[in-house]
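Here is the structure we will look at, set down as structure tokens.
The values are calculated or read from the model by the stated rules, or taken from the named source; none is laboratory data. Keep in mind that this is a model prediction, so the values were computed, not measured. As a convention, Cβ positions derive from the backbone with ideal geometry for all residues, glycine included, and neighbour counts pool all protein chains shown. Calculation scope for accessible area: heavy atoms of the full protein, side chains included, ligands and nucleic acids excluded. Shrake-Rupley method; radii C 1.70, N 1.55, O 1.52, S 1.80 Å.
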Amino acid sequence: METVADPETAVDRLEALHAAATGSLREALSRFLSHGVAPDAAERLTFRYPELRLTYRPTGPMPRITRATAKFQGPGVYATTLTQPGHFRAYLLEQLRPLVQDYGATIEVGLSAQEIPYPYVVEPGAELARGVTSSDLARHFPTPMLSSVGDEIADGLWLESGDEVRPLALFDGPRVDYSLRRLVHYTGADWRQIQPWILLTNYHRYVDQFVRVGLKALAAEPERYARLVLPGGVSVEAGEAAGADADALIAASPWHRFQMPAYHLVARDREGQPGQGTSLVNIGVGPSNAKTITDHLAVLRPHCWLMVGHCGGLRQSQTIGDYVLAHAYLRRDRILDELVPPDVPIPALAEVQVALQEAAASVTGERADALKQRLRTGTVVTYDDRNWELRWSQERRRINLSRAIGVDMESGTIAAQGYRLRVPYGTLLCVSDKPLHGEIKLPGAANAFYERAVGEHLLIGLATLDALRRNRHGLHSRKLRSFDEPPFR
């Protein structure tokens, strides 16, 4: 490990080490595939992730820091391995500068003992076969060892032991690389296009509206937005947006090939900071998809994810097209019960709740009592069983005790994942049917509802993210931090 003078030098060094390691690995792979010459033990030592290490040894009392992130919980040595430091440069500097300035931490950078698996340096779609099998490659090159990749730090399973090095971040290099590749697989887009403000939906009609809104934004604000990226590599640059046909673009994109297609309104970088654009991911139906995609999105350390989708209304007073602003969740999804037990409360985040309500008022033009007629705050039940109505006699009492007002299959999972993985979260659902009151989605009524409600609902979600962007530092609440939280957000 080499001591460096400041955060900027540290990130420069991390970038150089990562570039050298991945370059060496690519070169060795190419040589082996072309000539059958395998790397020797000395060359394999170069295929390693860079490591970042901070040492904090106070000579007096610890400073009293009120912010939620970029803070030490106690003296010691903190370390993590890193991947793609160039992409994460702004994030790394945002975390490192306060730790050096406020705590006087010293920084060291070097190569770690963790090898970079060869699939993580091969561009998606590249052909590796050439008569060589995966077992041949595994004999000579590091492979993904998923048994050593986990979320023990995020899940509170890491236990301090004496002078052992403490974790600096929630995710290390192999965990991040694994998720970056999974994001490409599930969403159909390069992970680098994913923006730090994320909308999650469970219905494709939101996609149609997002593409239309994105094209208008590109045409109206080319200085703010650079491009709109669709699954499969379809991209519209700012200068091309005026004449683009949303329906034709959607048809041209092979979105149906991907399990959870994603769409990205990419913002331009400003003053050395990465763009603050918006991504929409159609996660489909069910808590399994909701957990899968948020497990992977979390490694990008987004500023917020919001669920904007449909729900069943549970109250007679609700009307199809009304909104449900979740302030609590009755978690019957079961998928996170071992990681975040159902008796652990998932708190509503005040900043998100206020932004959602104010955005609803702004977009609908309704205030006070008029808004309350359409937007109701309450508990949402999230099930893992789409046919929960067939168990109404068993579920009735629990729903009644919870005072729930809406039911879906994703929101509770997304909120619990935000809580677990320290990503601010929120939920605004639109009532699409009332299963307990005989109001189901008939084809004609459904189409009328979708035409009226989906566009407005999406605009509320986008307006919410716009409001949160203006106060993103206050958004990272201490509600999400544990008492032994790693220093990095």
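Would you say residue 112 is of a type in the set (Gly, Ala, Ser), open to solvent by less than 10 Å² (accessible area, probe 1.4 Å) and part of a helix (DSSP H, G or I)?
No: the conditions fail for residue 112.
Residues checked against (1) open to solvent by 10 Å² or more (accessible area, probe 1.4 Å); (2) among the aliphatic types (A, V, I, L, M); (3) without any contact (Cβ under 8 Å) to a residue 12 or more places away in the chain; (4) out of contact with any Lys or Arg (no Cβ under 8 Å at 6 or more places or on another chain):
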| position | (1), (2), (3), (4) |
| --- | --- |
| 255 | yes, no, no, yes |
| 261 | no, no, no, yes |
| 274 | yes, no, no, yes |
| 282 | yes, no, no, yes |
| 285 | yes, yes, no, no |
| 288 | yes, no, no, yes |
| 291 | yes, no, no, yes |
| 299 | no, yes, no, no |
| 324 | no, yes, no, no |
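So, restricting to helices (runs of 4 or more DSSP H) that lie completely within the stretch 336-438, which ones have at least 3 residues that are touching a Ser or Thr at 6+ places or on another chain (Cβ under 8 Å) and within 20 Å of residue 454 (Cα to Cα)?
Ranges flagged: 350-364.
So, restricting to strands (runs of 3 or more DSSP E) that lie completely within the stretch 187-240, which ones have at least 1 residues that are farther than 22 Å from residue 302 by Cβ?
235-237
Please find, within the stretch 159-186, the residue that is modelled with the highest pLDDT out of those that are small (Gly, Ala, Ser) and part of a loop (DSSP other than H, G, I, E, B).
Selected residue: 169.
Report the residue count in the stretch 86-109 for those that are under 18 Å from the mean Cα position of the chain (by Cα) and assigned to a loop (DSSP other than H, G, I, E, B).
2
I'd like the full set of residues that are of a type outside the set (A, V, I, L, M, F, W, C) and open to solvent by less than 20 Å² (accessible area, probe 1.4 Å), limited to the stretch 338-378.
378
Can you tell me which condition residue 362 does not meet? The list is (1) in contact with a Pro (Cβ under 9 Å, 6 or more places away or on another chain); (2) touching a residue at least 60 places away in the same chain (Cβ under 8 Å), and all the others hold.
(1)
Can residue 315 be described as part of a strand (DSSP E or B), closer than 27 Å to residue 433 by Cβ, open to solvent by 10 Å² or more (accessible area, probe 1.4 Å) and basic (Lys, Arg)?
Criteria not met by residue 315.
Please verify whether residue 333 is touching a strand residue (DSSP E or B) at 6+ places or on another chain (Cβ under 7 Å), of a type in the set (Asp, Glu) and closer than 16 Å to residue 420 by Cα, treating the condition exactly as stated.
yes
Return the total of residues in the stretch 50-85 being touching a helix residue (DSSP H, G or I) at 6+ places or on another chain (Cβ under 8 Å), assigned to a strand (DSSP E or B) and polar (S, T, N, Q).
Total meeting the criteria: 2.
Could you pull out the residue among 67, 31, 48, 53 that is open to solvent by 40 Å² or more (accessible area, probe 1.4 Å), within 27 Å of the chain's Cα centre (by Cα) and farther than 26 Å from residue 175 by Cα?
67
Do the conditions hold for residue 205, that is, is it charged (D, E, K, R) and modelled with pLDDT under 90?
So residue 205 fits the description; yes.
I need a count of the residues in the stretch 302-330 that are over 17 Å from residue 423 (Cα atoms) and of a type in the set (A, V, I, L, M, F, W, C).
Residues flagged as over 17 Å from residue 423 (Cα atoms) and of a type in the set (A, V, I, L, M, F, W, C) within the stretch 302-330 amount to 6.
In the stretch 390-406, what count of residues is obtained for those that are polar (S, T, N, Q) and either closer than 23 Å to residue 427 by Cα or surrounded by 12 or more Cβ atoms within 10 Å (Cβ to Cβ) (or both)?
The total comes to 2.
Take residue 155 and tell me if it is part of a helix (DSSP H, G or I), in contact (Cβ under 8 Å) with a residue 24 or more places away in the chain and either under 24 Å from residue 481 (Cα atoms) or assigned by the TED database to the domain that holds residue 420 (or both).
No: the conditions fail for residue 155.
Just the residues that are under 21 Å from residue 177 (Cα atoms), in a loop (DSSP other than H, G, I, E, B) and touching an Asp or Glu at 6+ places or on another chain (Cβ under 8 Å), please, taken from the stretch 1-49.
Within the stretch 1-49, 47 is the sole residue that qualifies.
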